[in-house]
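Here the structure comes first, spelled out in C-alpha cells, and everything after it is commentary.
Values in this text are rule-based calculations from the coordinates and carry no lab data. Note that the coordinates shown come from a computational prediction; the quantities given were computed from them, not determined experimentally. Heads up, the Cβs are rebuilt from the backbone with ideal geometry, glycines too, and the neighbour counts pull from every protein chain shown.
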C-alpha cells in the first residue's frame, strides 16, 4: 500500500474555524460537485430518498445524498447498476454521493437490533441473517431470498466501484453496544486490517469507479465506548492514506455518551481530512457534533419520521411537531410559517393532517420535503454561525431548553 | 324550480365537430379556468391525486381534477374543508374541479361490489354499509367509524357547496348491473326526483359555494342497459336546467355493451351541454366515447394501475407495460422514449423496475406521473384529431389491433 493516494478530483479546504470550539467550515470537492461543510447527507437507502424525486431534493437545496451498499448489492445488484451507468445515472442524482461499505447493515441485521444498540437502545431481538464473521469477511443471508452471501473488504470496494458513488467507505465490523471491551478491541483491530485491505483493493482498481470517475475512500474509527481504543482507531485512520475519516461503531447508551465517544476520537483523527459521523442526525446532536469538529452527518431520521407525520421544527421540545395530532385539524397555517419549502409554501397543517389520517401517500412526500428543507436550512445556518462566531445563539434558536426536551 | 339557471362564470362552446361521428371539440369555462374538451378528469378521491403534488399535475399538463364527496364528507368533513378555505385552497389546486354527489360510493360500498357490477364484472361480495334507500335519501354507515349517516339530495348539494368545487353533481341512486328492469326504472325515476330536489336546493343556495364562487350542476342519466329508460333519463336531464349532463349507472357487462349503453343515451341528451361519462377511462373506451359525443371522462385507473407498476403505453396490447416484468431489469430506455413526462425524461425502465421490486414509494409517484402525462397527451391528440378529421388514424396509433388486446 502506498503512503499516499492522490484522489484526483477531490479536495477538502477548511475555510473558517470557530475559536470557541473545534467547529469549522469547509469545502468538500468531488467529481460531482463541491459542497460546503458542515453538511447533512440524506439517506437514499435503496437508490431513492423515500418518496421524493432528485428534482425535489434539489428544490429543497439538498447538496449530497448516500445509498447503502448492502441493499443495492442484494437488489438490483452492483452489476445491474453498473450496466445502467452507475448509481448517479441510475437514480438521477448528479451531485456528490456516498456509499457505505455494507458492513453496518450486515451486522445490524445479523444482530437483529444493532441499530438500536449502537444508539444505546438495548433489545434482545436476534435474527440469524449474519452467519459468520471471520478474518476473511462476513457471511450472511440475503434478506430477500435467503441466499448465502459473503462480503470481504475487497468485495465491498469492488461493489462500491461498480455503484460508482464519489465517496466510498472501508468495510468494518460494526460492534454493538452490548459486547465487552475485549471483543471491541479485537474487532476494532480486525477492522483496521480490513481497512488496509480496502485501501489495497482501492489502489489495485486505480481509484476509479466502473464508469471511470475517481473515487475517494473513508477510513472508519471504531473502538466502542473506550477512550484508549477510540484513540488507537483514530490514529490508525490518520496513519493510512484515507481521503477522509468516518466515526462509527457504538456511540454509547445515550446522547451524552455519544458526545463523549465522539470527543474521545476527534483529537486524534487526521486534522486536515473531512470527518463524517455515521448515523447521527438529531438537531441537538448536530450542534454537539459540529462543536467537536464533525463535518458531515447522515441519518434516516428526517425522512423516516416524516413518514410517521413528524415535522421537524426549530426550537420546539423534541425538535418536531406531530401533525397527526387533532389540534392541527383546522389549522390553516403552514407547518412552519418561517419555512420556504414546497409543503410550507402551498399547504396547511390542516390539509397535511387530513392526508395523514386518510393514509394518503402525498402526506409522506410533503412532510419529507419539509424535513429535508429544514435539515438543509439548519446546516446553512450552522455554517453561517461558525463563520460569524454565533454558534451558541444558533443553537438556542434551534434547540429547545434542555429541561423541556422530550426523550 | 326555474326553467333556466344562469350559471355565471360558466360556459360551454362547441368549436369543432367531426363530420364522421358525434365527436366534438369544446371549450368548458369555469371560475377556475377554461379547459378544452374532450378531456380527462383525474381522481383526487380524498383531496389528493395519490402520490403527486398539484405542481406535478400541472407539470404533466393536467387541466382538471375531481374529488369524492363521499370520502370528504366522512373525513375531514365538509365543514372542515370550508373553514380551511374550500377544496381548491385546501388541496392546493387552482384549476377547474368537479365533485361527485357521494351517491356512487354509498351504493358501491353498500352493495359491496357495485363498482365491478357497473362495469359488468359480477361478484357476490356484499357488505352492509348501505342501510336503507328511501325516497328521502340513503342511510349508510361511515367506513371509518361505523357512524350512521344520511345523505339526501339537499345534503349532497350542501356538502358540495361547502367543498366548493366548480362542477357539482346531483345525487342519484347508482343501480348495479344485477338488478332487474323494474328496479332500474323505479330507481331511475327516483333519481329524477332527486335531480329536481338537487336543483331546487342549488337554486335556494344562490348557486354559490360557501366561499362565494358560482358553481354549476350536472344532471345524471340513469336507466341501466335499457334503451327506452336511457332515452327517458336523457330527456329528463335535457328538460331540466342542469348546466351539463353525466352518463352514469350500469354501463353493461363488457366494453361493447358500455358503448351500446352510452349510444342509447347520447342522441337524447341536451346537445349544447357538456357531457361527462362517469368512471370510464381506458384508452379504447375514450376513443369510443368521444365518437359518441362524450366531452369529459374520469377514472381512477391511470393512477391506480400506476401503483401496481403498470405504465400506459400507446399502441401496445392491453394499453400498458408491466414494469415489474423481469425483462425490464437492465433496460436503460425510459418507459416510453416518445414521452416527455418527468419520469421518462429522467429515469430508466431498469430503475423504475428496481424501485417497484424494492417497494419504494418513488416508483408509484414516477409511474403515476407518466400515466397522467399519457392521458393528457391522449386527450390533446384526440382534440387535434377531431379538428383535423383524423380520429381513426389517432385511434390506430393509440389502440392495438383488437385481436391482440388482452381483456
### Task
Place the peptides A:245-258, A:76-89 in order of packing, highest mean first, counting for every residue the other Cβ atoms within 10 Å and averaging per peptide.
A:245-258, A:76-89
### Query
Quick one: Cα centre-to-centre distance for the range A:343-374 and the range A:212-285, in angstrom?
35 Å
### P(r) of the protein assembly as shown over all Cα-Cα pairs, binned every 10 Å from zero, in whole percent
3, 13, 20, 21, 16, 12, 10, 5, 1, 0
### Query
Peptide B:347-354: average number of partner chain Cβ atoms within 10 Å per residue?
6
### Message
With 17 Å as the cut-off, how large is the P(r) tail for the range B:267-396, expressed as percent of Cα-Cα pairs?
### Response
59 percent
### Query
What gaps in nm, shortest first, separate residue B:401 from its twins in the other copies when you place the label 7 Å past Cα toward the beta carbon?
8.0
### Query
Placing a label point 7 Å from Cα toward Cβ, how far apart in nm is residue B:33 from its equivalents in the other copies, listed shortest first to one decimal?
2.9
#### Entry: Over chain A, relative contact order from alpha-carbon pairs under 8 Å, at least 6 apart, %
17 percent
## Note on the structure
per DSSP, antiparallel bridges as share of beta bridges in the range B:201-360, % nearest 5, sits at 30 percent
### Query
Most exposed first by the Cβ proxy, i.e. fewest other Cβ within 10 Å, how do B:21, A:348 rank?
B:21, A:348
### Query
Using a label point 7 angstrom from Cα along Cα-to-C-beta, what distances in nm, from shortest up, separate residue A:390 from the other copies?
6.2
### Task
Output the antiparallel fraction of DSSP beta bridges having both residues in chain B, as a percent to the nearest 5.
50 percent
### Query
Using a ≥ b ≥ c from the Cα gyration tensor of the range B:1-64 (square roots of the eigenvalues), is it rounded, prolate or oblate, where a/c under 1.5 gives rounded and otherwise the larger of a/b and b/c decides, a/b for prolate?
oblate
### Task
Please arrange B:107, B:150, B:328 by counting, for each residue, the other beta carbons lying within 10 Å of its beta carbon, fewest first.
B:150, B:328, B:107
### Message
As an exercise, use a Förster radius of 30 Å and the Cβ-Cβ distance of residue A:329 and residue A:58 to find the FRET efficiency, rounded to the nearest 0.05.
### Response
0.35
### Task
Determine by what factor the alpha-carbon radius of gyration of chain B differs from 2.2 N^0.38 Å, reporting the quotient.
0.95
### Scattering profile of the range B:140-231 at q = 0.12 Å⁻¹ [log10 I(q)/I(0), Debye over alpha-carbon scatterers]
-0.45
### Task
Report, for the protein assembly as shown, the % of DSSP beta bridges that are antiparallel, rounded to 5.
50 percent
### Query
Ranking A:10, B:12 by Cβ neighbours within 10 Å, fewest first, what do you get?
B:12, A:10
### Query
Ranked highest first by the average count of other Cβ atoms within 10 Å around their residues, in what order do B:184-190, B:42-48 fall?
B:42-48, B:184-190
#### Entry: For the range A:1-78: relative contact order, % (alpha-carbon pairs under 8 angstrom, 6 or more apart)
21 percent
### Query
Quick one: Kirkwood hydrodynamic radius for the range A:187-257, alpha-carbon pairs, angstrom, one decimal?
13.1 Å
### Query
For B:355-363, what's the mean count of beta carbons from other chains sitting within 10 Å of each residue's beta carbon?
6
### Dmax and Rg, reported as Rg then Dmax, of the range A:230-322 (C-alpha, Å)
14.6, 46
## Note on the structure
Per residue of B:324-337, other chain Cβ atoms within 10 Å number on average 1
### Query
Going highest first, how would you order A:330-341, B:312-323 by mean Cβ packing within 10 Å?
B:312-323, A:330-341
### Query
Under the definition of Cα pairs under 8 Å and six or more residues apart, what whole-number percent is the relative contact order of the range A:310-399?
30 percent
### Query
Given labels modelled 7 Å from the Cα in the Cβ direction, how far is it in nm from residue B:384 to residue B:75?
4.3 nm
